[in-house]
Amino acid sequence: MDRIELIQKIFQKTEFENYLEIGCQTGKSFLPIRAKNKTAVDPVFKIPLGRRFKWLFKWPANSKARYFTLESDVFFDSQKAYLQNLEQLDVVLVDGLHNFRGALHDVLHSLVYLSNDGIIILHDCYPPHEAASIYADIFPTEEQQQQAKGWTGEWCGDVWKSMAYLLEKYPNLLDVGVIDTDYGLGYVRFKTAPTSREFSVDEELFDKINQLSYSDMKSDPKKIINLQPASYCETILSLY
Ligand SMILES: C[S@@+](CC[C@H](N)C(=O)[O-])C[C@H]1O[C@@H](n2cnc3c(N)ncnc32)[C@H](O)[C@@H]1O
């Protein structure tokens, strides 16, 4: 099961209405999701006109989808009124900046608005090999690609570190793990209703997690990112 199917099935099984996608690019994952209220955030949208029309026809609620041409940090900072007006986010796909800090910010910002039984899904949390896990700001430069031994064009960055961070920081508050499918689907849910909605980066823990290498994670992915088999998608669905 990939991210699109998992998210779609969650909407099918619930009364959830509000979907946020951070990092939308060509709309491949955003447009097919059959949710009532959809919000997309990306500083550079590249949605082909034909795809936009096709999905307007197949899912008419796409006509009122909101598109914010912004970096996600700027979106969360400047659109508080919009987010509060939505009341709550039910499902969030984090697929924007593919680095530890970017993904962590996106999760922490989303948790402020996530419904108590909502879910955040993160793409690219289990890189297939070390070259796919190298750090880059937006995308590895030609030079970084040449230096990365075994580069195949596949790239997940070090998003997986955000899962390691959340597991260590919030063992009682959050249910966190990575499903071994579609380059690693991270999931984040509340285990219990939060008493506070203030989340900030613990820089000390950030630095500690940031020192972990890809091989550290691969030596014990169950412990470091709570890796689950692909069949765990069904377990997630059974919660709804
Ligand atoms: C891998 S693509 C998203 C793919 C899409 N979710 C899908 O499944 O087809 C990553 C996107 O994140 C966007 N992006 C980069 N930096 C971002 C940021 N700071 N905030 C939000 N999106 C960002 C890029 O412009 C790019 O379109």
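One table, with the values for the structure above:
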{"item": "Residue in segment 97-106 that is away from the ligand (no atom under 16 Å from the Cβ) and either within 10 Å of the chain's Cα centre (by Cα) or modelled with pLDDT of 95 or more (or both) present", "result": "no"}
{"item": "Residue count for segment 102-144, restricted to those that are of a type in the set (F, W, Y) and under 19 Å from K80 (Cα atoms)", "result": "1"}
{"item": "Segment 5-33 residues that are part of a strand (DSSP E or B), paired with ones that are at pLDDT below 95 (beta carbon under 6 Å, 6 or more apart)", "result": "N18/L86"}
{"item": "Enumeration of residues in segment 54-95 that are within 27 Å of D2 (Cα to Cα), more than 19 Å from the chain's Cα centre (by Cα) and of a type in the set (F, W, Y)", "result": "W55, F57, W59"}
{"item": "Cβ pairs under 9 Å, 6+ apart, first in segment 72-84 and more than 14 Å from D106 (Cβ to Cβ), second open to solvent by 60 Å² or more (accessible area, probe 1.4 Å) and more than 10 Å from the ligand (Cβ to nearest atom)", "result": "Y82/R66"}
{"item": "Filter result for the condition that a residue is aliphatic (A, V, I, L, M), touching a residue at least 12 places away in the same chain (Cβ under 8 Å) and open to solvent by 10 Å² or more (accessible area, probe 1.4 Å), over I236, I179, I224", "result": "I224"}
{"item": "Answer residue from segment 16-33, given it is of a type in the set (S, T, Y) and under 17 Å from D90 (Cα atoms) and is farthest from the ligand (Cβ to nearest atom) among those", "result": "Y19"}
{"item": "Pairs, first modelled with pLDDT under 95 in segment 34-54, second more than 13 Å from the ligand (Cβ to nearest atom) and not polar (S, T, N, Q), C-beta under 7 Å, six or more apart", "result": "none"}
{"item": "Those helices (runs of 4 or more DSSP H) lying entirely in segment 34-87 with at least 2 residues surrounded by fewer than 17 Cβ atoms within 10 Å (Cβ to Cβ) and within 10 Å of the ligand (Cβ to nearest atom)", "result": "72-78"}
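The values are calculated or read from the model by the stated rules, or taken from the named source; none is laboratory data. Since we're looking at a predicted model, the values are computed, not measured. Glycine also receives a Cβ, built like all others from the backbone with ideal geometry; neighbour counts cover every protein chain displayed. What goes into the accessible areas is simple: the full protein's heavy atoms, side chains included, and nothing from ligands, DNA or RNA. Shrake-Rupley method; radii C 1.70, N 1.55, O 1.52, S 1.80 Å.
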